[in-house]
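Have a look at the structure below, then the notes.
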């Protein structure tokens, strides 16, 4: 006989009451309220480790109010792009928007992090603690069925979180979060993870794709910046406390001005933020009100309905770790004598922008890359050129082939003279040339036991391309502008000129002219090396600035370019003073 379960009337009534209470609770929790005001009232941060307060407040993140409102995507499909430095509220924006959608607009959601490890870490340290503190979502986490392998199955929604390298083709959801997409994993021959993420929302008339990221590296390489350029391009502006206008973008750190002491050290109390319109000088104690009365100014406001974009820099931060002296020090480090990494940090992590290098990449980089060829196995000579700076030595190693052309073998930085010596021995360098205009005594001390190395010093007034100094037979004086023009010609003109000559010879059935004195690069040149070549660009500050002799460094970060110039000087010295003697 099949057993039957008999319920008592009071048990059935209790079940009904619980169902009614549960339904009423869900209905109350879904009463619509805008994301910003709802999060201020309801978002509990008490379980987050290291959080300064128990409740979410926009007083700490005034710049998050406008992008947070964009999480209301009812009645439309849109993309939300947010760009800013680290530790300025990007993760808080994602968490607040996520919890609001779980409570007010429950649906399927997908969160994509750079990799699975980071996905698990953020879930453990940030996402789950906030969910546990929520009065509606928290109790559901106690049920084993709610928490899956990198997923949450609440009563009215499901959320997946994973790394950018994980397969997502089977998922279809109206809400997708793309976290730090400039560091996403890419797989050759496969669909871009961002393209795949965008496809997940195709089945929905109401959908939101959220992109939040600190830009990494150069503008030409930054995926988040490419997305931002397609958006409304809203920049957060601080409000001048004198004229009352939104005049200062939070990414425009050049509005900060200060004084240096006799040792060229920053005087913190001298720092002022200058309004570019009324020239009012703000002190840092005015910063909170400047930020809280600030707002976004959109370059393309018509795009707000479908692709709102928000960018902010470190000037929006109310944290001590990003105070004005810290920002000023970063700008000083990235100045004209700053190193590439310092400039990357300043642009990416202070300004919240990709590094541009004056916008010089583009066509000139394409032209330079035409010089990329396989490196020959046999090379007649190996030379090194070294640009000496205050705290490091920038070197370029080239190999000479049988045609008189050279091939880039290495480019890098040595922090000590011993490290440079190791580079020389590792690459089997035969000859070299070192800049002696800086740290002169150290340069000559290094040359003393290495007779195959020469010193270099630029001098535009010697009346010739180069000559041996009368003071020392091991010092070569050279006209820097003369070799700058030659290097630029080798990078941008020589190959094109040879091809035209070869085509002309072919038309009259003659052999093509030999390739001589080319400056070749390997098939995959280092990004930093290319950027330093590209940093020397047309000078729009002078008349005729497009002529090669007028080109100048855009940022001072041209150390490999200078090392290459020195190698051209040494090539001429080799051809006149060394090679003829070898032929005998």
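Details
- The chain - mean residue ellipticity at 222 nm from DSSP helices (-39,500 (n - 2.57) per run, n ≥ 4, rounded to 500): -9000 deg cm²/dmol
- Neighbour-count ranking [beta-carbon atoms within 10 angstrom, fewest first] of 210, 253, 31: 31, 253, 210
- Per-residue extension of 0.36 nm, minus the Cα-Cα distance of residue 198 and residue 415, leaves a gain of 73.6 nm for this segment.
- Cα gyration tensor category, rounded, prolate or oblate, for the chain with a/c compared to 1.5: prolate
- Under 18 Å from a label point set 7 Å out along the Cα-to-Cβ vector of residue 31, the amide N atoms of the range 101-127 belong to 101, 103-106.
- Cut-off 19 Å, label 7 Å out along Cα→Cβ of residue 329, residues of the range 259-301 by amide N: 259-273, 284-285
- FRET efficiency for the residue 241 to residue 300 pair, using the beta carbon distance and R₀ = 22 Å, is estimated at 0.15.
- Rounded if a/c under 1.5, otherwise prolate or oblate - the range 281-392, Cα gyration tensor axes: oblate
- Euclidean distance of C-alpha centroids, the range 57-87 and the range 404-435, integer Å: 50 Å
- With Cα atoms, 0 to 90° folded angle of helix 480-492 axis to the chain main axis: 60 degrees
- Ordering of 169-177, 157-165, 80-88, 460-468 by burial proxy (mean other Cβ atoms within 10 Å per residue, highest first): 80-88, 157-165, 169-177, 460-468
- Computed E for residue 264/residue 501 - FRET, C-beta separation, R0 60 angstrom, nearest 0.05: 0.70
- When only Cα pairs below 8 angstrom with a gap of at least 6 residues are kept, the range 397-520 shows a relative contact order of 24 percent.
- The range 84-209 - convex hull of alpha carbons, volume per residue in Å³: 114 Å³
- Highest mean packing first, where packing is the average number of other Cβ atoms within 10 Å per residue, the peptides 214-226, 90-102 line up as 90-102, 214-226.
- The angle between the Cα long axis of helix 494-507 and the main principal axis of the chain comes to about 70°, on a 0 to 90 degree scale.
- Going from the fewest other Cβ atoms within 10 Å to the most, the residues 150, 532 appear in the order 150, 532.
- Given R0 = 51 Å, the distance between the Cβ atoms of residue 402 and residue 205 translates into a calculated FRET efficiency of 0.15.
- Separation of the residue 422 and residue 41 label points, Cα + 7 Å toward Cβ, nm: 6.3 nm
- Of the beta bridges in the range 368-526, as assigned by DSSP with both residues counted there, near 55 percent are antiparallel.
- Of the beta bridges in the chain, as assigned by DSSP with both residues counted there, near 50 percent are antiparallel.
- In the range 364-583, Rg over Rh equals 0.96, where Rg is the alpha-carbon radius of gyration and Rh the Kirkwood radius from pairwise Cα distances.
- Rounded to 10°, Cα long-axis angle of helix 324-333 versus longest principal axis of the chain: 30 degrees
- Neighbour counts of other Cβ atoms within 10 Å put 293, 496 in the fewest-to-most order 496, 293.
Bear in mind that the values in this text are calculations on the coordinates, not laboratory data. Keep in mind the model is a prediction, meaning the values are calculated, not measured. Don't worry about glycine lacking a Cβ; one is built from the backbone with ideal geometry, like all the others, and counts go over all protein chains shown.
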